[in-house]
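K.L.:
Mind looking over this structure? Questions follow.
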Amino acid sequence: MIDILLVSSENEEFLEKISELSGETITLCDQCGTCSGGCPMVAEMDITPSQMMRMTQLGQREILETKAMWLCASCYTCTVRCPRGLDVSKVAEALRQIKLRQAIDYIDIKKIPEDEINILPQIALVSGFRKFTG
């Protein structure tokens, strides 16, 4: 018996957006695992580059909650070794862009007490705002 995996239109839109941002034809990935085998950061990732590509192929938005896309060093080892010539680091960058465009604020600037604002170094405040606000 052959299982057929159906991809919803929402998942397909997500795949198309990642393909557009990365400039890569993600569906060409045949899951050989060469990208994962050569990745110097794979030991630190929660999913392998190959799994990242598969989840993206299927349009699974859960990929945005993994840390693999943030750990990609963009060293292009995967690109050099890929038999299909795909650039996994471009896909990781596209995923990061999608996540960053969600503009989720992790801190509320208005809730910082005024006395703390007056004693904190301005550079620390600006850096924190850049990192924790969309």
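K.L.:
How far apart, in nanometres, would the label points at residue 112 and residue 60 be if each is projected 7 angstrom from Cα along the Cα-to-Cβ direction?
P.N.:
The two pseudo-label positions are separated by 3.8 nm.
K.L.:
Okay, next question. At a 10 Å Cβ-Cβ cut-off, how would you order 108, 87, fewest neighbours first?
P.N.:
Details: 108 9, 87 18.
Lowest to highest Cβ neighbour count: 108, 87.
K.L.:
At residue 123 and residue 81, where each label point lies 7 Å from the Cα along Cα→Cβ, what is the point-to-point distance in nanometres?
P.N.:
3.9 nm
K.L.:
Moving on. Name the lysines eligible as straight-distance cross-link partners of residue 17: C-alpha to C-alpha under 16 Å, and not fewer than 8 places from it in the same chain.
P.N.:
90, 99
K.L.:
Shape verdict for the chain, please, from the Cα gyration tensor: rounded (a/c under 1.5), prolate (a/b greater than b/c) or oblate.
P.N.:
It comes out prolate by the Cα gyration axes.
Rule-based calculations on the coordinates, nothing more; no lab input. If you're wondering where the values come from, they're calculated on a predicted model, not measured in any experiment. Ideal geometry is used to build each Cβ from the backbone, glycine not excepted, and the neighbour counts take in all protein chains shown.
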